[in-house]
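Data block below; observations after.
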Amino acid sequence: MSSNSSDMITWGMMIRKLPAIAKAIPRVLKGLKTANIKDAQQPCGLGWTFEQATLRNPQGPALMYANVAFSYEQVNQWANRIAHHLIAQGIGKGDVVGIFIENRPELLVTVLAVAKVGGICAMLNTSQTQHVLVHSLNLVKPVAIIVGGELTEAYSAVRSQVAIPDARTWWVADQDTSRHHGQAPQHYLNLMADSADAAQDNPATSQKVYLDDPCFYIYTSGTTGLPKAGVFKHGRWMKTSSIFGVIALDMTPQDILYCTLPLYHATGLCVCWGSAISGASGFAIRRKFSASQFWSDARKFNATTIGYVGELCRYLMDPPPSAEDRDNPVVKMIGNGLRPGVWGPFKERFGVNHICELYAASDGNIGFTNILNFDNTIGFSLMAWELVAYDHDSGAPVRGESGFMQKVPKGSEGLLLARIDDKAPLDGYTEPEKTAKVILHDVFAKGDRYFNTGDLLRNIGFGHGQFVDRLGDTFRWKGENVSTTEVENIFLMHPHIAEAVVYGVEINNTNGRAGMAAITPAESLATLDFGELLRWAKEQMPAYAVPLFLRVKVKMETTGTFKYQKVRLRDEAFDPRKAGDDPIYAWLPGSDTYVQVTEDVLADIHGGKFRY
């Protein structure tokens with residue numbers, strides 16, 4: 001992103017926004033009152049907010065999917081039946097329950113039921129398989145798991161490696177289970193059938209969930225490789241749903257929010273669903289994003305609001321403009337990662353009035369939101385934050401001669417640090433040592449503490465920020481965080497690979513960074529079967545994590561301290577002219593092997609011939 005004056009928010013812009021600011025004040029005050037729960041014994045959280053929304057809008061649509069719709073009263077009663085059944089089976093407050101279901105009503109209803117019990121939902125990434133899935137489960141030690149029929153094969157392959165008894169391994173049919181319960185496979189219990197006759201009143205346990213009680217474990221890829229489980233508490237649910245739903249979007253019972261984002265991530269689960277619940281609004285979902293069906297779905301559901309990530313918007317912009325582009329009910333949208341070059345054209349083409357770009361991390365303590373509808377900004381945060389100078393090689397913040405960190409001037413990019421205090425506590429991870437690594441001490445004064453986000457931002461004026469990039473051993477592709485360490489470790493399991501260095505590279509007209517791996521063969525280049533290598537990689541990891549490019553090196557260069565030279569590799573990317581004698585290979589869309597990158601292939605990639 002550019003740091004020129006056109007990116008800065010000026011007094012003139014602020015003056016033009018005064019009517020919007022004045023209009024926003026009442027909902028800001030209302031949202032802050034709801035968000036800032038101070039009484040540690042006051043009932044709150046997901047189950048409590050859903051019950052309040054049911055009282056406000058009992059017959060209004062709560063959940064829509066394909067050709068079915070459920071009212072708030074129906075969803076609440078459905079979740080209550082499951083909650084009462086879980087209680088009868090010994091599931092109680094603080095128990096961890098793995099949730100392994102794709103985007104469909106049953107996912108959200110079971111999550112709501114566990115929240116009402118006071119349990120903690122471990123939101124498993126539905127792309128995970130084999131050892132990564134085993135790691136994610138054993139990390140949080142669930143006492144039970146709920147598995148969707150569509151993922152039974154993936155879980156069955158690893159269930160012997162996790163300590164969850166058959167008596168608490170529940171199955172949910174891959175169909176409309178409000179009408180058909182299906183037949184559970186052997187060694188699974190049929191959750192919907194077994195709970196069908198349970199009581200449907202609100203369980204007493206939902207009134208005994210408080211702000212400091214964990215609600216979810218949301219997995220994130222970090223610099224250490226395998227996923228970490230971030231703790232998301234009910235108090236944070238109150239903040240998230242109120243700040244985004246009330247303050248940012250002003251959701252009401254007349255609104256419908258359409259979300260195709262994966263609901264195991266915080267943006268879909270907490271920001272989008274939380275916003276809908278805060279307004280007693282409808283929430284429409286789809287199993288997986290479809291660019292060709294997106295706007296027809298928005299019309300079918302009469303969606304006033306959509307959830308997005310930048311890549312989703314780019315896909316929607318790909319088809320040629322048509323006269324039907326503005327034939328949709330959407331007036332506002334919330335999400336993250338929208339590039340400046342797409343921002344204005346998207347608003348104009350599809351007639352969206354308000355893009356509520358946000359910045360937040362499931363494992364952090366700070367959020368930004370663009371409630372005033374400025375262009376190309378993540379908005380402002382109500383929490384205390386600073387941007388500091390950092391070392392470009394290590395990504396670590398720099399301390400000056402005083403021993404304290406150095407703030408960067410307005411308009412410059414810096415590493416985002418968020419102050420940790422009573423107003424913005426850090427819930428951290430399930431592993432205390434992982435939490436300790438992201439906390440900085442004595443940052444600007446003795447005794448202060450800050451969360452190191454690992455992200456670069458720019459202050460563009462009036463407290464508004466602009467996202468620049470991510471630091472550390474992760475990169476973002478297809479809306480997912482990819483851990484380079486995890487992909488490296490998987491590649492090293494292949495018998496014909498001796499060394500592997502993974503990094504993210506940019507492809508023209510795409511969001512984020514695509515995966516690239518520099519690999520050293522165990523014997524010689526001739527021993528590598530690139531078709532077999534691609535098939536193997538796709539079996540071992542989610543599709544978004546499979547490197548799109550390979551660089552084959554006879555010997556991997558390291559620094560004097562034996563660190564791989566990732567910065568140079570990343571800068572040279574997949575250009576064969578910069579790679580010396582190292583051959584470069586690419587997995588081109590639609591192909592089933594890696595092919596060598598020639599100057600002609602490189603020109604086709606840069607020219608947009610291939611759709612990534």
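The values are calculated or read from the model by the stated rules, or taken from the named source; none is laboratory data. Treat the numbers as computed from the prediction; the structure is a model and nothing was measured. Cβ placement follows ideal geometry from the backbone for every residue including glycine, while neighbour counts extend to all protein chains displayed.
Points to keep in mind about this one:
Condition check ((1) more than 30 Å from I120 (Cα to Cα); (2) buried (at least 18 other Cβ atoms within 10 Å of the Cβ); (3) touching a Lys or Arg at 6+ places or on another chain (Cβ under 9 Å); (4) of a type in the set (A, V, I, L, M)) across all residues:
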| site | (1), (2), (3), (4) |
| --- | --- |
| D375 | yes, no, yes, no |
| L382 | no, yes, yes, yes |
| A396 | yes, no, no, yes |
| G411 | yes, no, yes, no |
| E431 | no, no, yes, no |
| A436 | no, no, no, yes |
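- Residue check: Q254 meets all listed conditions (1) of a type outside the set (D, E); (2) assigned to a helix (DSSP H, G or I); (3) surrounded by fewer than 19 Cβ atoms within 10 Å (Cβ to Cβ) but one, namely (2).
- Criterion applied to N370, N365 was being out of contact with any helix residue (DSSP H, G or I) (no Cβ under 8 Å at 6 or more places or on another chain), buried (at least 20 other Cβ atoms within 10 Å of the Cβ) and within 25 Å of M238 (Cα to Cα), and the one residue passing it is N365.
- Lone unmet requirement of (1) touching a helix residue (DSSP H, G or I) at 6+ places or on another chain (Cβ under 7 Å); (2) aliphatic (A, V, I, L, M); (3) not in a loop (DSSP other than H, G, I, E, B) for A291: (3)
- Filtering the range 315-359 to residues that are of a type in the set (K, R) and closer than 23 Å to K300 by Cβ leaves R326, K332, K347, R349.
- Residue under evaluation L387, criteria (1) assigned by TED's automatic domain parsing to the domain that holds A543; (2) of a type in the set (A, V, I, L, M); (3) farther than 23 Å from F549 by Cβ, criterion not met: (1)
- Within the set A204, A196, the sole residue that is among the aliphatic types (A, V, I, L, M), touching a His at 6+ places or on another chain (Cβ under 9 Å), in the same structural domain as T169 (by TED's automatic domain parsing) and within 21 Å of E73 (Cβ to Cβ) turns out to be A196.
- Of the helices (runs of 4 or more DSSP H) lying entirely inside the range 105-182, the ones with 2 or more residues being charged (D, E, K, R) and buried (at least 19 other Cβ atoms within 10 Å of the Cβ) are found at 105-117.
- Selected residue (criterion: surrounded by the fewest Cβ atoms within 10 Å (Cβ to Cβ)) from residues of the range 342-362 that are modelled with pLDDT of 90 or more and small (G, A, S): G344
- Of V567, V554, all but one fail to be within 18 Å of F475 (Cα to Cα), in the same structural domain as Y503 (by TED's automatic domain parsing) and β-branched (V, I, T); the exception is V567.
- Candidates A69, A40, filtered to the one that is outside any helix (DSSP H, G or I), under 29 Å from the mean Cα position of the chain (by Cα) and over 24 Å from A113 (Cβ atoms): A40
- Residue match in the range 219-235 (condition: surrounded by fewer than 21 Cβ atoms within 10 Å (Cβ to Cβ), without any contact (Cβ under 8 Å) to a residue 60 or more places away in the chain and of a type outside the set (F, W, Y)): no
- Scanning the range 437-463 for residues that are modelled with pLDDT of 95 or more and of a type in the set (G, A, S), we see that the one that is farthest from P340 (Cα to Cα) is G447.
- Any pair with Cβ under 6 angstrom, 6 or more apart, that starts in the range 281-307 at a residue that is outside the structural domain of A66 (by TED's automatic domain parsing) and ends at one that is part of a strand (DSSP E or B) and of a type in the set (V, I, T): none
- Members of the range 20-36 found to be of a type in the set (A, V, I, L, M) and loosely packed, with under 15 Cβ neighbours inside 10 Å, listed by number: A20, I21, A22, I25, L29
- Flag: L312 matches the condition of being over 22 Å from V246 (Cα atoms), within 15 Å of the chain's Cα centre (by Cα), crowded, with 19+ Cβ neighbours inside 10 Å and not aromatic (F, W, Y).
- Summed over the range 37-87, residues that are surrounded by fewer than 21 Cβ atoms within 10 Å (Cβ to Cβ), small (G, A, S) and over 22 Å from Y258 (Cβ atoms) total 1.
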